[in-house]
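Reviewing the structure listed below.
The values are calculated or read from the model by the stated rules, or taken from the named source; none is laboratory data. In this text, all values refer to a predicted model and were calculated from it rather than measured experimentally. Quick reminder, even Gly has a Cβ in these numbers, built from the backbone with ideal geometry, and neighbours come from all protein chains shown.
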Amino acid sequence: PKDVGILALEVYFPAQYVEQAELERYDGVEAGKYTRGLGQQQMGFCAAHEDINSLCLTVVQRLVERGRLSWDAIGRLEVGTETVIDKSKAVKTVLMELFRDSGNSDVEGIDTTNACYGGTASLFNAAAWVESSAWDGRYAVVVCGDIAVYATGNARPTGGAGAIAMLVGPNAPLVLERGLRGTHMEHAYDFYKPDLASEYPVVDGPLSIQCYLRALDRCYAVYRRKAESQRQQGERCHRGPFTLDDFKFLIFHTPFCKLVQKSVGRLLLNDFLAAPNPDTSGGLYKGLQPFRGVKLEDTYTSKEVEKAFQAASQEIFNQKTKPSLLLSSRNGNMYTPSMYGCLASLLAQCSAQDLAGSRIGAFSYGSGLAASMFSLRVSQDASPGSPLDKLLSSLADLPTRLDARKRVAPQDFAEIMKRREETHHLANHTPHGSHTDLFPGTWYLERVDDKYRRQYARK
Ligand code: ACO
């Protein structure tokens, strides 16, 4: 099969949110800390009657219904999530309920977990299946979903929730570029969930940011090396190093938007240090001469380096990355779907002409840690009715859908979080939450019985 990649993409986010500026006042922190300091505008959240299964049920059904697909046409479905509600039973098996009437049970794939990286691992697996001898000609579906909640304190404003489903197959408008992947994995305790009775992680915020930036450096170095060697083997012998210029767009796993802006600066620092003779008298690298001798590993906490390269990369950020942050700034960190939400935002915010033929660089990060940089090539054909045109039209209503959500006061949000804590993992109960607060077509948790079996209904 040729041009394996993403054919369609469906996004689900909760129908309610809290305003970050109001949360600043409620939490008693300085005005601007969450909004300007972290770059977050709003945060989506779920009441107790939404769980990881309901989120994924909703997004998969939406993908199939809106794409007018047949349930028989799917031969693989896998889920990337870190929202564990059962140590044995996969979310994937719950999703098989959607296939029941079709009679199709020949569907490979289960769940994959490593913090925010599970969606990317699932996408790589799905593409590998389509390119393998095991492929039976049908589509693969990749689902990523999470409910990202933190205990009260400085991490709480970096939560979020949502799910994304992607249809994977050949002749895609977004092709996974072959051979172009840079991965970095290591052992770190930056963010993890050792308390199985709680929804909240244990997080070392400053360490997690250092880990993220180090993983970014390492992945970019490997990606760039592979891209350069591919270029040299190509017909047109392209000289010179690979730089950010070679990506038209850049998307990132987005714990909060400010970190992504800093990451663009960080990539520019990588380019600057790799350039044989950077011109610091004018242009992009103007005034950066004092940083010529720095070592990447010594700069993770340097405010001077961060400031200088953030300023130098401002225009690159505005052009290549800013349009991708719509969902992240208004719904927050969805964990596994975060970067795919950036992809959806980019497709919703840019014109077909801008996107056609472009290369999108993508950086996925999951604490613990697992990270990859890879790229998507957008098809040239954006004509009406083309797969790219269909994909873009399906996402065009993203801003309107965000506007249609209900704003909830911070004290009510805090109350709902408390209820989630109290009822998390409780047997024999009816979860709190009104289904009038959900978007039409949303699945919700109706009841947990005395054997922890969960029952769902659809609005
Ligand atoms: N106006 C403008 N900016 C302000 C204000 C203000 N009034 N007050 C503070 N700020 C800025 C700070 O200067 C800082 O910006 P800087 O880093 O650019 O200097 C920013 O707001 C954050 O403030 P801090 O005091 O540094 O951070 P805080 O202790 O609030 O914690 C953190 C932030 C670490 C991100 C926390 O929210 C957290 O732990 N989140 C979860 C972990 C996370 O998301 N990690 C990222 C990778 S791992 C993953 O994806 C889960």
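Quick notes
Yes/no matrix, rows are residues, columns are (1) among the small types (G, A, S); (2) crowded, with 20+ Cβ neighbours inside 10 Å; (3) closer than 30 Å to G67 by Cα; (4) touching a helix residue (DSSP H, G or I) at 6+ places or on another chain (Cβ under 8 Å):
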{"position": "G5", "(1), (2), (3), (4)": "yes, yes, yes, yes"}
{"position": "Y12", "(1), (2), (3), (4)": "no, yes, yes, yes"}
{"position": "L23", "(1), (2), (3), (4)": "no, yes, no, yes"}
{"position": "D27", "(1), (2), (3), (4)": "no, no, no, yes"}
{"position": "G32", "(1), (2), (3), (4)": "yes, no, no, yes"}
{"position": "G37", "(1), (2), (3), (4)": "yes, no, no, yes"}
{"position": "Q42", "(1), (2), (3), (4)": "no, yes, yes, yes"}
{"position": "A48", "(1), (2), (3), (4)": "yes, yes, yes, yes"}
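- Among the residues of segment 379-387, not a single one is surrounded by 22 or more Cβ atoms within 10 Å (Cβ to Cβ) and touching a residue at least 40 places away in the same chain (Cβ under 8 Å).
- Inter-residue pairs, beta-carbon under 6 Å, first farther than 16 Å from A90 by Cβ and in segment 50-78, second of a type in the set (S, T, N, Q), 6+ apart: T58/T442; W71/S102; W71/N104; D72/S102; D72/N104
To keep it simple, each residue is scored yes or no on (1) in contact with an Asp or Glu (Cβ under 7 Å, 6 or more places away or on another chain); (2) at pLDDT 95 or above; (3) part of a helix (DSSP H, G or I); (4) under 25 Å from S302 (Cβ atoms).
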site: Y220; (1), (2), (3), (4): no, yes, yes, yes
site: R224; (1), (2), (3), (4): no, yes, yes, yes
site: P241; (1), (2), (3), (4): yes, no, no, yes
site: G265; (1), (2), (3), (4): yes, yes, yes, yes
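- Within segment 355-380, tally of residues that are under 15 Å from I6 (Cα atoms), in contact with a helix residue (DSSP H, G or I) (Cβ under 6 Å, 6 or more places away or on another chain) and part of a loop (DSSP other than H, G, I, E, B): 1
- Every residue from segment 418-459 that is of a type in the set (S, T, Y) and either surrounded by fewer than 12 Cβ atoms within 10 Å (Cβ to Cβ) or farther than 25 Å from V408 by Cα (or both): S434, T436, Y452
- Checking P387 against (1) touching an Asp or Glu at 6+ places or on another chain (Cβ under 7 Å); (2) modelled with pLDDT of 95 or more, the condition it does not meet: (1)
- Residues (charged (D, E, K, R), part of a strand (DSSP E or B) and farther than 23 Å from G341 by Cα) located in segment 395-447: E446, R447
- Selection status of A457, more than 28 Å from the chain's Cα centre (by Cα) and at pLDDT 95 or above: no
- Within the set N333, N318, the sole residue that is at pLDDT 95 or above and crowded, with 24+ Cβ neighbours inside 10 Å turns out to be N333.
- Scanning segment 149-192 for residues that are among the small types (G, A, S), in contact (Cβ under 8 Å) with a residue 40 or more places away in the chain and within 16 Å of the ligand (Cβ to nearest atom) gives A151, A155, G159, G160, A161, G162, A188.
- Members of segment 248-299 found to be within 16 Å of the ligand (Cβ to nearest atom) and among the small types (G, A, S), listed by number: S263, G265
- Annotation: A344 fulfils all but one of (1) in contact with a strand residue (DSSP E or B) (Cβ under 9 Å, 6 or more places away or on another chain); (2) farther than 17 Å from L391 by Cα; the unmet one is (2).
- Residue pairs meeting the criteria (Cβ under 6 Å; at least 6 apart or on separate chains; first under 27 Å from S367 (Cα atoms), in segment 105-133; second acidic (D, E) and more than 16 Å from the ligand (Cβ to nearest atom)): G109/E78; S122/E78
- Put simply, of T58, T81 the only residue that is out of contact with any helix residue (DSSP H, G or I) (no Cβ under 9 Å at 6 or more places or on another chain), on the phi < 0 side of the Ramachandran plot and buried (at least 20 other Cβ atoms within 10 Å of the Cβ) is T58.
- Counted residues, segment 328-340 - those being within 16 Å of the ligand (Cβ to nearest atom) and over 10 Å from the mean Cα position of the chain (by Cα): 3
- Among residues of segment 122-142, those that are of a type in the set (A, V, I, L, M), farther than 20 Å from G67 by Cα and outside any loop (DSSP other than H, G, I, E, B), counted: 1
- For beta carbons closer than 7 Å, sequence separation of 6+ or different chains, a first residue in segment 248-259 that is at pLDDT 95 or above and a second that is among the aromatic types (F, W, Y) and surrounded by 24 or more Cβ atoms within 10 Å (Cβ to Cβ), the qualifying pairs are F252/F363; H253/F363; H253/Y365; L259/Y212.
- Selection from segment 341-367 of residues that are more than 18 Å from the chain's Cα centre (by Cα) and either within 16 Å of the ligand (Cβ to nearest atom) or of a type in the set (S, T, Y) (or both): S351, S358
- On inspection, L391 qualifies as part of a helix (DSSP H, G or I) and touching a residue at least 40 places away in the same chain (Cβ under 8 Å).
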